[in-house]
Amino acid sequence: MKFFIDTANLDQIREAQDLGVLDGVTTNPSLMAKEGITGRNNILKHYVDICNIVDGDVSAEVIATDFEGMVKEGEELAELHPQIVVKVPMIKEGVKAIKYFTDHGIRTNCTLVFSAGQALLAAKAGATYVSPFIGRLDDISTDGLELIADIRLIYDNYGFETQILAASVRHTMHVINCAKIGADVMTGPLSSIEGLLKHPLTDSGLKQFLEDYKKGN
Ligand code: E4P
């Protein structure tokens with residue numbers, strides 16, 4: 001299972017990279033705005049800065065919502081760095097753009113996916129990744145994890161190679177449950193990864209070991 005961090009904050013990306021378990025980064029226009037990164041040139045530079053920190057894939061989202069605009073922007077994004085994956089929204093023009101990018105060797109992440117049907121369409125168009133937003137489904141009393149399980153079943157039925165990127169992960173149990181279901185990737189905040197570390201028996205066990213060592217030395 002790949003671990004991506006869902007942020008445009010360079011310090012958090014560095015911290016996750018230093019942990020040695022980071023496989024990539026996802027961003028979106030809201031995350032860029034949160035870091036105060038505005039203006040086309042600054043945003044493009046920020047994507048390159050992120051690519052220079054991590055070894056893996058970095059999702060960069062198109063803003064256009066028409067086919068020609070998405071293709072133009074996506075080609076520009078893909079040119080920035082070999083690690084860039086073009087993030088395209090699950091709308092009709094987006095599906096056409098994903099197919100275009102697939103045919104032209106540009107990797108894509110189909111974003112804003114909330115149903116199994118949308119995920120099926122993304123795979124048919126050849127998306128590299130599909131991003132079902134599980135946290136946002138949970139927010140409206142719909143089981144996000146059930147969607148991950150449905151997509152896993154459908155993709156396995158037909159051998160689709162599109163990777164399931166569980167997005168909008170909010171906490172550590174989301175990560176564990178996505179791993180149990182078989183999501184290929186998860187993207188979430190640094191806290192969702194660091195939460196995997198924690199167990200009170202580890203802390204008390206280590207405390208005891210160190211105390212016992214001191215007694216004999
Ligand atoms: C995915 O790529 C999105 O950036 C993200 O996971 C959205 O998460 P949120 O619902 O916490 O905003």
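Bear in mind these aren't lab numbers, they're just calculated from the coordinates by the rules spelled out. This is a predicted model, so every value here is computed, not measured. Cβ: placed from backbone, ideal geometry, glycine included. Neighbour counts: every protein chain shown.
Data overview
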{"item": "Sum of -39500 (n - 2.57) over DSSP H runs of 4+, divided by residues of the chain (222 nm, nearest 500)", "result": "-16500 deg cm²/dmol"}
{"item": "Mean-position separation - Cα centroids, the range 57-88 and the range 144-217, in angstrom", "result": "29 Å"}
{"item": "Extension gain (nm, one decimal) between ALA179 and GLU76, 0.36 nm per residue minus Cα-Cα", "result": "33.7 nm"}
{"item": "Local electrostatic count, ILE37, Cβ distance below 11 Å [Lys/Arg +1, Asp/Glu -1]", "result": "+1"}
{"item": "12 Å beta-carbon shell around ASP138, net charge (K/R +1, D/E -1)", "result": "-1"}
{"item": "The chain, dipole about Cα centre (Lys/Arg Cβ +1, Asp/Glu Cβ -1), debye to the nearest 20", "result": "220 debye"}
{"item": "Cleavage-rule hits, trypsin sites (Lys or Arg not before Pro), the range 124-217, DSSP coil, Cβ neighbours within 10 Å at most 11", "result": "LYS198"}
{"item": "Distance between modelled label sites at LYS214 and ASN41, nm, 7 Å Cα→Cβ extension", "result": "5.8 nm"}
{"item": "31 Å Cα-Cα threshold exceeded, pairs from LYS2/LYS45; LYS2/LYS198; LYS92/LYS198; LYS99/LYS198; LYS45/LYS92", "result": "LYS92/LYS198; LYS99/LYS198"}
{"item": "10 Å binning of all Cα-Cα separations within the range 2-216, expressed as whole percents from 0 upward", "result": "8, 33, 34, 16, 5, 3, 1, 0"}
